[in-house]
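First comes the structure, then the notes that go with it.
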Amino acid sequence: MSAKRSARRQFLKNGAALAGFAAGAISSPSRKLFAADAPPADLHAYGQRSHFENDARVGSIAMWPIVPGAQRDYGFRSPLQDSMGIITPAPLHFIISHGHEPPDIDPREHRVMIHGMVDRPLIFALDEIKRLPSVSRLHFLECHGNSAAAGPTGDPRKVASANVQETHGLTSCSIWTGVPLSLLLGQVGVQKGASWIVAEGTEEGKHTKSIPIEKAMDDCLVVFGQNGEALRPEQGYPLRLLVPGWQGINNVKWLRRIYVVDQPYMGMMESTKYPSPRLDGKSRWFESEMGPKSVITRPSGGQQLSSRGFYEITGLAWSGGGAIRRVEVSADGGRTWKDAQLQQPIAPKAHTRFGLAWTWDGGEAVLQSRCTDDQGHVQPTIAGLAKFWGVDMDYFRLPATSADMGNFNAIQPWKVGRDGSISNALL
Ligand SMILES: Nc1nc2c(c(=O)[nH]1)N[C@H]1C(S)=C(S)[C@@H](COP(=O)(O)O)O[C@H]1N2
Ligand SMILES: [Mo]
């Protein structure tokens, strides 16, 4: 008998038992849950959200002509404006996939090979990896193009009507379950002189990324779980690499191969698309760690304050350098700052939720947040970032290549108008 039919039978049994009981004691709201017009049992076998809830990813599957033969580029942003706490539900996790559909992989047939400068090259089946001692860790992922790469309405930094999904939606945070990469590398025995690994995905385009061996041995994970269940196909089912705190591109999905080598591989992605262009014609390569960054998610761009009075200003902060130690919030355009409260848990290289009480007096206000990580690194203003990169502010205003400049972690100001409307006041 199919699982579906047995679930239905179980449901009918439960329903019958409840109906008998309901005749005497249960009030009408409970009875309604099992009324004749209730959804079929299959809907309860794997839970659905209420039909009143409609948060969704927004994005595009764009043509991406740089890659020969590639058809599409997936870029879907997470609805952070409605996020609660710090976990991103898997169906709302942002997606970046270069040029190819998420492959449909049978986990029983999936293998990952580790070879190159090793004593014992090995091929692992998924079950063999799952037999090893696993860990579960809270980590954010962020595409280095977050807040910079053009979204559905253009460069989100320049669009006054942009909401936080458009400006910051290429980051998400999950509890990832898997095994330390160092454990697998220990089993194959990394040889002296090996200094990089090259990780490769299974999809048609074989996304590859070089990662220094020190990072591979440090805190990288080979993960099969996301928020208590198997990874979603969009996130790399059945196996992906997790490289905590580093640019999203390192987190190779549909992982099938790790090649241990003594120099970076200069794969197509890392040599053509991801180096950040500079005005002097040079590029920044292998910048990996994501800087400290935060954003107010409520009240935020596109939302509307309904009346004067109390609002909690709340948002998310994260840093590739470690744990968030402090978040300050300003409601007066940066003249004064107050320490926001940080909600537990505060994990290294994970989204951290902050909140600060605020009373809107009906006047104009500019809301912004600034975070500091446990290495003492402080999130910069856009002017500070321009200075750091040796460019002037026009650099961000010009349409040119600046749209591709990644690792943009400037403070995000939201402007509250007298009518309670909120808009993007970055540029
Ligand atoms: N195999 C494979 N892995 C990949 C990619 C890809 O296109 N193919 N995109 C990378 C990029 S650029 C990012 S930002 C992250 C996004 O992870 P997510 O789609 O799970 O959010 O995956 C990385 N891993
Ligand atoms: Mo990315």
(request) Two decimals is fine: what's Rg over Rh for the range 202-265, C-alpha atoms, Kirkwood radius as Rh? (result) 0.96
(request) Pop out the ³J(HN,Hα) list for the range 419-427 in order, Karplus 6.51 cos²θ - 1.76 cosθ + 1.60 with θ = phi - 60°, rounded to Hz; leave Gly and Pro as x. (result) 7, x, 6, 10, 9, 6, 10, 5, 10
(message) Just to confirm a number: summing +1 for Lys and Arg and -1 for Asp and Glu over residues other than E312 whose beta-carbon lies under 12 angstrom from that of E312, what do you get?
(response) +2
(request) Apply the Karplus parameterisation 6.51 cos²θ - 1.76 cosθ + 1.60, with θ equal to phi minus 60°, to every residue of the range 94-110 and state each ³J(HN,Hα) to the nearest whole Hz, in sequence, with x for glycine and proline. (result) 4, 10, 10, 9, 8, x, 9, 4, x, x, 9, 9, 7, x, 5, 9, 6
(request) Beyond 19 Å between alpha-carbons counts as too far, so tell me which of K209/K253; K215/K253; K338/K387; K293/K349; K130/K253 fall in that bin. (result) K338/K387
(request) Counting only C-alpha contacts under 8 Å and six or more residues apart, can you give the relative contact order of the range 293-424 as a whole percent? (result) 32
(request) Note down the net charge around R256, summing +1 for each Lys or Arg and -1 for each Asp or Glu among other residues with Cβ under 15 Å from its Cβ. (result) 0
(message) What are the extents of the Cα atoms of the range 206-349 along their three principal axes, in Å, largest first?
(response) 59, 47, 28
(request) For the range 293-424, evaluate the Debye formula with one uniform point scatterer on each Cα (no solvent term) and list log10 I(q)/I(0) at q = 0.09, 0.18 Å⁻¹, rounded to two decimals. (result) -0.28, -1.01
(message) Which of F310, F52, F354 has the fewest other C-beta atoms within 10 Å, and how do the rest follow up to the most?
(response) F52, F310, F354
(message) Spelling out what I want: for every residue of the range 291-308, take phi, set θ = phi - 60°, compute 6.51 cos²θ - 1.76 cosθ + 1.60 (Karplus), and round to whole Hz; glycine and proline get x.
(response) x, x, 8, 8, 8, 7, 9, 7, x, 9, x, x, 8, 9, 7, 7, 7, 4
(request) Could you tell me what % of all Cα pairs in the range 58-273 have separations over 22 Å? (result) 49
(request) Can you tell me which of 80-87, 42-49, 225-232 comes out highest on packing, and rank the rest after it, using the mean Cβ neighbours within 10 Å? (result) 80-87, 225-232, 42-49
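Rule-based calculations on the coordinates, nothing more; no lab input. Every value quoted in this text rests on a predicted model; they were computed, and no experiment measured them. FYI the Cβ positions are ideal-geometry reconstructions off the backbone, even for glycines, and counts take in every protein chain you see.
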